[in-house]
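Remarks on the structure that follows.
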Amino acid sequence: MFEDYSRSMLTAWIREGRVKLNERPCRPRDTVNFGDRVEIEAVLAASAETVPEAVEFGVIHEDRGVIVVNKPAGLVVHPGAGNPKATLVNGLLHRYPELAALPRAGLIHRLDKDTSGLLVVARTPRSFQRLTSMMAEREIHRTYAALVHGIVVSGGTIEASISRDRHHRTRMKVADGGREAVTHYRVAQKFRVHTLLEIALETGRTHQIRVHLQHIGSPIVGDPAYGTRRRLPAGAQAPLLTALRNLKRQALHAMRLEFQNPSGRGQIMAESPLPEDITDLLAALADDTAAASGT
């Protein structure tokens, strides 16, 4: 009857005394009989403590129910320890004040601070519930571009469970008994000692792409947590060295999103071009590869 709201949200309201059965407080396990009256005091103020601020970010798509944001590298998504303000959530609440009525200001998923690209934001309680369910059912298709160290011969699938690293609490690792994680990849472009991959996520674990690519021996270029020492082609020239130095983060970009509009009005397909720091590096790598082959 209340498909706009999740079971967990309804349960919380019952336990807070915001739901009455025949004008009396009730419990989640209470039975409802024919003719009973249920009253719900819906309280949607999950983002009320976050201060709206003007924050720069792009918008690829928006309608009454959903927004697709293009996040720049370096922008933190959620306020937290060490980042109490100037986050994407602060900026969303400034540009779309109605998002204060939604958990996480309507964000359906997240990106690491130094990963750029596309994020889905719900604009209404109904859209939030439907998009959250779609994400859980793997009906929101996310595609990334990742520049990695080494030559990846061909595409494939990585199926390796992920759990938190007990020795480094801010990092994740591949481990038996962790949460299921599946990453598909294909080769988009090869260079002398680097490969550009196109990544499709089947699951969405914390740091999944970064951990999985490290696991197969192809860490992402510039990754401070899961990367490796900078690998340079023999005889690399100044333009390539400059482009590598100018990359101040992992070369990972969320470039495409595809999903059914929660309003039922067709399919949403959003794309974000690679940002300048990555395109400059790819151009330098292409020039280096061409020079080495004599073309």
message: Every residue in segment 235-260 that is surrounded by fewer than 17 Cβ atoms within 10 Å (Cβ to Cβ), over 18 Å from Lys71 (Cβ atoms) and touching a residue at least 12 places away in the same chain (Cβ under 8 Å), please.
response: Gly235, Gln237, Pro239, Thr242, Asn246, Gln260
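Condition check ((1) part of a loop (DSSP other than H, G, I, E, B); (2) modelled with pLDDT of 95 or more) across all residues:
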{"residue": "Val32", "(1), (2)": "yes, no"}
{"residue": "Glu56", "(1), (2)": "yes, yes"}
{"residue": "Ile67", "(1), (2)": "no, yes"}
{"residue": "Asn70", "(1), (2)": "no, yes"}
{"residue": "Ala73", "(1), (2)": "yes, yes"}
query: How many residues are surrounded by 14 or more Cβ atoms within 10 Å (Cβ to Cβ) and either over 24 Å from Ile151 (Cα atoms) or modelled with pLDDT under 95 (or both) when one looks only at segment 264-276?
result: 4
- request: Check segment 204-221 and report whether any residue there is in a strand (DSSP E or B), in contact (Cβ under 8 Å) with a residue 12 or more places away in the chain and in the same structural domain as Arg179 (by TED's automatic domain parsing).
  value: yes
query: From the residues in segment 9-26 that are within 36 Å of the chain's Cα centre (by Cα) and part of a loop (DSSP other than H, G, I, E, B), which one is nearest to Arg126 (Cα to Cα)?
result: Arg18
Exclusive hit being of a type in the set (A, V, I, L, M) and over 13 Å from the mean Cα position of the chain (by Cα), set Val120, Val55, Val77, Val69: Val55
field: Elements of type strands (runs of 3 or more DSSP E) in segment 85-189, at least 2 residues being buried (at least 23 other Cβ atoms within 10 Å of the Cβ) and of a type in the set (A, V, I, L, M, F, W, C)
entry: 116-122, 141-149
query: Residue check, Gly217 against (1) surrounded by 15 or more Cβ atoms within 10 Å (Cβ to Cβ); (2) at positive phi; (3) more than 20 Å from the chain's Cα centre (by Cα), all met but one. Which one?
result: (1)
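The values are calculated or read from the model by the stated rules, or taken from the named source; none is laboratory data. This is a predicted model, so every value here is computed, not measured. FYI the Cβ positions are ideal-geometry reconstructions off the backbone, even for glycines, and counts take in every protein chain you see.
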